[in-house]
Amino acid sequence: MTQTALATNAVFPLNHQQWSTIQALQADLRPEQLQWLSGYFAGAAATTVAAPVSAPQATEHLTILYGSQTGNSKKVAERAAQAAQASGLNVQLHSMADFRAAKLKKETWVLLVISTHGEGDPPDSALGFYEELHSKRLSQLSSLNFSVLALGDSSYKEFCKTGRDIESRLLELGAQPLLARVECDLAFEVPAERWVEEALGIVADALKQTPTAATAMALPQTTAEIYHDSPTRPFQAAVLERVLLNGRDSNKEVWHLELSLEDSGIAYEAGDALGIVAQNNPQLVAQILETLSLASDTKVEVQQQALSAEQALSAQLEVTRITRPVLKQYAEATGHDGLIQLFDGADDTALEQFIDGRDWLDLLREFEPRNVAAPELLAMMRPLAPRLYSIASSPSAYPDEVHLTVAAARWQFAERARGGVVSTQIADRLAEADSLPVYLHRNDQFRLPQDGSAPVIMIGPGTGVAPFRAFVEERQQLGHSGNNWLFFGDRHFRTDFLYQTDWLRWRKEGLLSHIDVAFSRDQAEKVYVQHRILQRSKELFRWLEAGAHVYVCGDANHMAKDVESALLQVIQLEQRCTPDIAREYLQSLQQQQRYQRDVY
């Protein structure tokens, strides 16, 4: 049927004005843009969550809850909701930030997708839900059927702790597990897909509905291909520029990297991160192959792919880290008493000290892989995870580029130089004629205020300052009138003031209302950003009362906790309140999305 005939068809669903608009738009778009729109509208139609015309009773629905720090849990939950609706289920999707735990009393079928942040902490967005769930306010939940998908990183001692805690508490309250908890390491996609498919099958059966297997975890494929939002579909981004940001005498090494996104279809927002598909150091790979007496072209199967041993160790397997589960598996397979003894007793000190700093080459050299064939050995290794970097550029200023701020991680252990997988690749092995496989990692938990007049306070020492370069640049491009205040810290003013020219220019132009810096090694007593926050207590609280949004980016284990402690002290001091009331004030900011953190 021609377009003219289609437009005059009696059952054509568009009016004349709508059809004219589409025809005009079509004439003005490139083929890849039309493809993107096709995927976008297909996704919009597939993801509209609504009850069927013949709506079931209020209890006959599935609720999916997610708590996400970096966006992975949200992504899984959204895909599960799409699959559930496509299967005919009546589904409701909520962030734990917007869902009171007390509402679980009215739920019958609930799937929970939750990540663990740092050393066993809930994501910021799920903290209120987590605390309420563990409070005395909740009574029995005997009518609730649930399952938990827990995301985490097994390099941390408290792997998937938040998911375990939530499942344990729900069981304690009398809820019934419809499916055992599933724990996912960094490569979460496959186990998450299996959990979703099995859980939806159980719920559909209970509600007397039959899901369509083919739609489980389905997404409009064109969207994924255009956006490059997965490490399995990266875009090869050409290197435009690479600049060392530190001065000559600095003992730090931070690189500013500019990549081309031209023709990628990637449309990022300020606050997003860019994932780089990692490649292990060729020298380390060669040393492992030599230690194993394994020819580089030996065929192995890794993650259902037939590869050479060199390809597997270079691009598919994590060789720079050893985790507890991996070490335990290796100890049991090889039978080395020295390794087995590390897991005896309640004191983990010796185990922690052994793992810290060692890689697979250390392990293989110190404890020969006896009785373990190469395929079995490679199967023990974790998949090589991509590395995420906060985007340091404004999409309005650089729609076809993306800028990153990358600190080269280097250390010595056992008389051998070590380095971060991607950071040393960028520092040592990347030429300007090269490209990097990248993908977009959305971070909806770290966004500028929609109100352009709202004040913004940004706290980002070291490379944590990266997204704030994007924030200030974006506000300038969009003409936002709100005041901006930056807290930045590093070691030395002369060598480590990252993006100094940008900040001082924006300060001179009035775009930055305040900039407070803390260079810890420039005086006898160390000074950090939390000290500057306390020194500016009165003014900072005045900004909070005026509606300011607070953002923190950087180290989670120390800096973020110290900064939060300082903010609580400011609130307690200026409001003349108790610590509990100060905590409630900060939690209120978090619930209003006025206190957001991107910490790692």
Taking the chain and counting helices only, DSSP H stretches of n ≥ 4 at -39,500 (n - 2.57) each over all residues, the nearest-500 ellipticity at 222 nm comes to -11000 deg cm²/dmol
For the range 342-400, listing trypsin sites (Lys or Arg not before Pro) in a DSSP loop whose Cβ sees at most 12 other Cβ atoms within 10 Å gives R370
In terms of the alpha carbon gyration tensor, root eigenvalues a ≥ b ≥ c, rounded if a/c is under 1.5 and otherwise prolate when a/b exceeds b/c or oblate, the chain is rounded
Looks like the range 62-219, by Cα gyration tensor root eigenvalues a ≥ b ≥ c and the a/c under 1.5 rounded cutoff (else prolate when a/b is bigger than b/c, oblate otherwise), is oblate
The range 395-411 and the range 284-357 have their Cα centres apart by a whole-number Å value of 32
Sequence order, the range 580-595: Karplus ³J(HN,Hα) from phi using 6.51 cos²θ - 1.76 cosθ + 1.60, θ = phi - 60°, Hz rounded, Gly and Pro as x, gives 5, 5, 4, 4, 5, 4, 5, 5, 5, 4, 5, 5, 7, 6, 9, 10
For the chain, percent of DSSP beta bridges that are antiparallel (nearest 5) comes out at 45
Residues whose modelled amide H sits under 5 Å from the amide H of S154, counting only those 5 or more places away in sequence or on another chain, are L186
Exposed GluC sites (Glu not before Pro) being those in a DSSP loop with at most 13 other Cβ atoms within 10 Å, the longest stretch of the chain free of them is 263-414
Note on the chain: contact order normalised by length, alpha-carbon pairs under 8 Å, 6 or more apart, percent, works out to 12
Links exceeding 30 Å between C-alpha atoms in this model, out of K161/K561; K508/K538; K74/K526; K74/K157; K136/K157, come to K74/K526
Of all trypsin sites (Lys or Arg not before Pro) in the range 505-600, the ones in DSSP coil with at most 11 other Cβ atoms within 10 Å are R576
Any trypsin sites (Lys or Arg not before Pro) in the range 64-130 that lie in a DSSP loop and have at most 15 other Cβ atoms within 10 Å would be R100
Under the rule rounded for a/c under 1.5, else prolate if a/b exceeds b/c, else oblate, using alpha carbon gyration tensor axes a ≥ b ≥ c, the range 282-380 is classed as prolate
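FYI, it's all coordinate maths here, none of it is from the lab. Predicted model only: the values in this text are computed from it and were never measured. Don't worry about glycine lacking a Cβ; one is built from the backbone with ideal geometry, like all the others, and counts go over all protein chains shown.
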